[in-house]
Structure formats: C-alpha cells, structure tokens
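Undergrad: The structure that follows is given in the form of structure tokens.
The values are calculated or read from the model by the stated rules, or taken from the named source; none is laboratory data. Note that the structure is a prediction, hence the values are computed from the model and not measured. Cβ placement follows ideal geometry from the backbone for every residue including glycine, while neighbour counts extend to all protein chains displayed. Heavy atoms of the whole protein, side chains included, go into the accessibility calculation; ligands, DNA and RNA do not. Shrake-Rupley method; radii C 1.70, N 1.55, O 1.52, S 1.80 Å.
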Amino acid sequence: MEFVVEAKLVGDEYDGGFSCGMSMSASQTYHSLKKTEVTEKDGEKITLFVDERGYQARLHERRDGEALRVYTEFENNSNQEVTLEMLASFALKDVKADRFHRLQSFWSEEGKLRTETIEDLHLEKSWNGCAKRIEKFGNVGSMPVRKYFPFLAMENTETGEFLGILLGLASSWQIEFSCRESQNFEVLGGIADRDFGQWMKKLAAGESFCTPDALIATGHSLAEVCHKLVKAQHPDISPVDEKMGIMFNEYCTSWGNPDINSIRKLADRLEGRGIQYLVIDSGWYGLPQDWACSVGNWETNKERFPKGLKEAADYIKSKGMIPGLWFELEFAGPHSKYFHETDHLLKKDGYPLTVGGRRLLDMEDPWVIEHLSKDVIGTLKEGGFGYLKIDYNDTIGMGCDGGDSLGEALYRKVRASQKFIRKIKEEIPDIVIENCSSGGHRLVYSMMELASQASFSDAHEEKSIPVIAANMHRVIQPRQSQIWAVLRAKDDADRLHYSLVSTFLGRMCLSGDIYDLSGEQMEIVDQAIAFYRQAADIIKNGKTTLIDCSTKGYNKPQGQQLVIREYKNKKLVIFHRFENSKALEQSAMPKGKIIAEFGEAERDFSAYACIVQE
C-alpha cells in the first residue's frame, strides 16, 4: 500500500479498461507525474511528483494522533493555463481488502452501516485483467451527508487489518475504489470530479491549488479505525461548553411558534434543574404563517415578542440559563426582503437558484456579508444570546454560476459560508455554535471543527433515535452529538427511559411539553440528568468499543442494541430493546462494580444504562 497522486488535466488521455465516464483515475496526467523527492519538514512528510511538461504535485502527510491528515497540492509551472478536472485529496495503491464498510444516510435515518464483499459489489477482477472494476460513490451538493457519509473502511479478513478513510468536505465529494490487473485495489477521494460533480479548476501559469484534507487510519477493527478518525478531529469548542452542558430546545414544544409566554413558562419549569441552555428555535421572526418562507426576514415578530428578543433572553438568563437563538442564515424565503435581491443571490444558468420555493444568498458577496453581520451577529449581541443554532434545510445541488465550473463555484460558496461562521466566532468569542442541517446533513468534520455541538438527526420522537445516535460514534465525537429526548405528558416510565437513555449516547438535549409532566415524570427526568452528569466524562473523553445492533429497519426496529464506551477504569453501558427483543445477557456486561444506573429494560421499547467501575 502506497500513497500516489491522482489528477486529471483537460486534454490528457483517459484510462482504458472501459472506465471512461466512470473514473478519471490512472489517466495520462497520473502516469506523467513521477515521484522524485521525499522530504520531512516540521513533522510533515512531503512527496514531490513532477511532470516534465511543467507541472508538479506535492502530497502532504501529517500525523494527527493515530491518524494521518493528507492533502495534495498541484502547481502549474508551465507557461500556459491548464484546467484540472480531477485532483484527489488522497490516493492509495495496492490495498488488499475483501470487505467494505460504508455509512448510508438519508433524512432522519443517518449513518446506517452497510457492509459488502467483493462479490456483493461485483468487483472480482476480470479473467485477463484488461477491464477495470469500479465502485464510486459520494454526494453532489451542499448537504454532504446525503445518501452516504464521506467514509469508507476497507477490511482484509485474512489479516484482520482495516483501512479507514474520512473526508471533511462540506460540498460535493467522492470516494472510489477499483481494481484491474490484480485483486488489489486503488482507493482515492476528495472533491467530486468533472464526471461526478461538475468540477473543473483553471490554473494560470504559476498558480497552484490545494485540496481539502482527508483523514486516514489503520487498525484491527472497525471500532478502532473509527475511534482514530474521530479523535483526529479538532472541534473549536467554546470554553463555555466544555462541561457537557444540557440544553432544552423548544422546537418540539412550539413547532415553530415560540412566543414570550411559552419561553417564560419553559424557563420557569427548567429553573434549577441543571439545564445550561434554553434555545429559541425557528419562528421568532417574520410572518407567523410559515417559518420556512420567512427565513431571511430577521426582524423580530412583534406579535410573539412585543418587546423584542432581549426580554426573552433576559428572562432566560434570570433563571440561570444561557439563551440560544436559531438562524438559517444562508437562505431567503419568499417573505424575505432578500428573495428579490437577485444581484446578491446564487444563480444557475443566469437564473436565481430556487429550491423548494426558497433561494440562497451568495456568501462570497460583500453586500451579503454586511447585511448578515447586522442580521445575525447584531441580533445575537443586542439580545445577549450565548448560543447560536445554524440550520440549513436544502441543497444547492450540482453547483452555481460564478466559478470555473458549477462544481468549483459550489466549493467556493460553501467555503465562504464557513468563513462567515468564523467571523461570528471572532466577533462573539464565547459563542456556542450548533451545526444543524435538517438534523444530520452537515455532519462532516470541516463543519464540526467550527462548532461546539451538532444536531444528530431530525428523528425527533422516532424509535430509531438510539440506533442513529450510536451510528454517529463512528464519524463524530459524541461530546458534540446532540441527542434529543422529546418528552410528552402521555409518556409512561418505559417511554421516558427509552428517550432519556438515548441521550447518554451524546449530548443531552430535552424538548417537548416539559411543563405538562407530572411530578413522578419529572423525577425520572431529574434522575436522568443526574446519571448524565456522572457519565459525562466517559461520553466526552472515552472510546466506543462496542456497537452491537440487531435491527436492519429504522421505522420498525427489531431486536436490541448494546453500546459500550470506556474511559480509564469506567465503562458506560447503554442498552435499548426494540420489538421482539431479548433481555440484556449478563455475559455481555463488563466485569466490575455498578456505581450508577438508570432505567429498566424489562420489556420491548424500554432501556437501561449503567456505569461499571473495574
């Protein structure tokens, strides 16, 4: 197994083997780039590849914990402009593998593990090695976690070795693995190329382009490589959020219809219960009829908040909590003043790019940044909000006008959005930012490294919540993964346990009609909060060693799920029962003394958690 540079220039010959249109790998560009030099500088290994036509590429490898961060830089040293139509962040040759693990993802069903063999994928090499076998997957658009996470683990069952790969791209991406003359594989990934994602990048003489990085890790189990990939992520968590604080988000209370009275009522009920954040979600602005269509109309709805948002924020603070506020800052609904500001909106083929009745702001436009600075940063500062939920509820698609290609413009616009998030953090240094995109559509590490937390899914009250929450352990840090427990007055003890135990798989977030719960129900909630406090250090700093889930379906989960996370001499055990389930077997329990427990898993759709100390 070795790193190489995979690139494709417009005009260069494509590879044969019936691969043109499916893959741009092994082209004339690839064969022309010859490895000439390897250097080490400041802990980074740099491998130089030179093309005698005047091009060169540098492959950068840097150790990051137990993983590698890898990216590629392409430089045009010729005397004329060239156009890249593929440049991989990483490429590896001669990888031995016979099982492949991916994470499928759709709205409210994020991160489902999919494991396949060479035979399942129809990747057995051809009888004489002349035909290329290719599996290529990815996402096109600005919701990078859609259909798949940008993740792949390749397993060699003969040796027990795993190779894990994770991309951080928040725009179109691809990963492909292929074989031809032997059953060993080449695997590469990065920005979705011209064939897959409409990407081309022009480089004038003397110009260069650096790809985003990729994380690579090896190990002897899926859990091990996932842990290494997740630990190599470096989220910029606000110092305010270092203690694993609990939040209450009122979305599943008001369903987009918050007002000053409901916020007061919630704050009164939550006072003194150890909740750090109370978040006002969508609907505080614009017209009351439809919160989604009013996005971009960031004037406070005076019917709901007659004295403005500061009154609500001040009341939340008076009850000992940090007030939070929701924005979907990159979109403009039809009830927004920005909807018809077409000079400042994204366009495709010269027309305003309209998706689901809404349009997108051009985040590279200084006019947009000036107005959003007032709308978003100004509103947060004026109201004294310490928590910002950034939502994103649709996708740009293959791209937009304004770049060397549709895909290249998309890449730039998404990076501009990330730049604005950094601006928010610079102007409000202690702000706690939540990364949300209809739940989990932006759970990539380039976004997670800008945020303190993330909404793991929109499966608000679904029975699949613990399954999705466990899935997230493979790709993001649990201390950032915000798991919702929506509480209802009709919930019996089993249902409350089921929902609340799920939150121990990440950051506890409560919602629902908490002010309608009885004293007995609130006692269960208080017990869950107390257990979460005891488990917080394991959630934050631990290692997930087991995810054993029997269900294949998410709408009607069957069987049971056991998750074990370890830190120092403690183990956090989280057990959920679904339909037709079995009890937790004593043999599955870690050895040691149970020092804390919560819940009872005595029947279907119940749950139990405990902390075991060796």
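Undergrad: Checking residue 108 against (1) at positive phi; (2) of a type in the set (Ser, Thr, Tyr); (3) more than 27 Å from the chain's Cα centre (by Cα), which test does it fail?
TA: (3)
Undergrad: For the stretch 563-605, which positions are open to solvent by 70 Å² or more (accessible area, probe 1.4 Å), among the hydrophobic types (A, V, I, L, M, F, W, C) and either under 32 Å from the mean Cα position of the chain (by Cα) or at positive phi (or both)?
TA: Matches in the stretch 563-605: none.
Undergrad: Considering only residues that are surrounded by 23 or more Cβ atoms within 10 Å (Cβ to Cβ) and either small (Gly, Ala, Ser) or without any contact (Cβ under 8 Å) to a residue 12 or more places away in the chain (or both), which ones fall in the stretch 147-205?
TA: Residues satisfying the conditions are 153, 164, 170, 171, 172, 189, 190, 192, 197.
Undergrad: Could you list all residues from the stretch 206-223 that are more than 28 Å from residue 548 (Cα to Cα), touching a strand residue (DSSP E or B) at 6+ places or on another chain (Cβ under 6 Å) and open to solvent by 30 Å² or more (accessible area, probe 1.4 Å)? I'd like the intermediate steps shown before the answer.
TA: From the stretch 206-223, those more than 28 Å from residue 548 (Cα to Cα) are 206-213; that's our starting set.
Within this subset, residues satisfying the condition of being touching a strand residue (DSSP E or B) at 6+ places or on another chain (Cβ under 6 Å) are 207-211, 213.
Correct list: 207, 208, 210, 213.
Undergrad: On to the next question. Open to solvent by 20 Å² or more (accessible area, probe 1.4 Å) and in contact with a Gly (Cβ under 6 Å, 6 or more places away or on another chain): does that describe residue 349?
TA: Values: open to solvent by 20 Å² or more (accessible area, probe 1.4 Å): yes; in contact with a Gly (Cβ under 6 Å, 6 or more places away or on another chain): no.
So residue 349 fails the test.
Undergrad: Quick one: which strands (runs of 3 or more DSSP E) lie wholly within the stretch 120-192 and hold at least 2 residues that are within 22 Å of the chain's Cα centre (by Cα) and at pLDDT below 95?
TA: Details: elements: 133-139, 151-156, 161-167, 173-179, 185-191.
In the stretch 120-192, there are no strands (runs of 3 or more DSSP E) which contain 2 or more residues that are within 22 Å of the chain's Cα centre (by Cα) and at pLDDT below 95.
Undergrad: In addition: Output the residue which, of all residues in the stretch 297-342 that are out of contact with any helix residue (DSSP H, G or I) (no Cβ under 6 Å at 6 or more places or on another chain) and among the basic types (Lys, Arg), is nearest to residue 258 (Cα to Cα).
TA: Selected residue: 304.
Undergrad: Also, quick follow-up: Name the residue, out of 479, 422, that is closer than 23 Å to residue 102 by Cα and either open to solvent by 30 Å² or more (accessible area, probe 1.4 Å) or β-branched (Val, Ile, Thr) (or both).
TA: Working: 422 fails: closer than 23 Å to residue 102 by Cα.
Just one listed residue meets the conditions, 479.
Undergrad: Any residue that is over 18 Å from residue 386 (Cβ atoms) and of a type in the set (Phe, Trp, Tyr) - is there at least one of those in the stretch 270-287? Full working, then the answer.
TA: Step one: list which residues in the stretch 270-287 are over 18 Å from residue 386 (Cβ atoms), which gives 272-273, 282-283, 285-287.
Checking which are of a type in the set (Phe, Trp, Tyr) leaves us with 285.
So far as the stretch 270-287 goes, yes, one or more of its residues are over 18 Å from residue 386 (Cβ atoms) and of a type in the set (Phe, Trp, Tyr).
Undergrad: State yes or no: is residue 450 open to solvent by 10 Å² or more (accessible area, probe 1.4 Å) and under 24 Å from residue 214 (Cα atoms)?
TA: Criteria met by residue 450.
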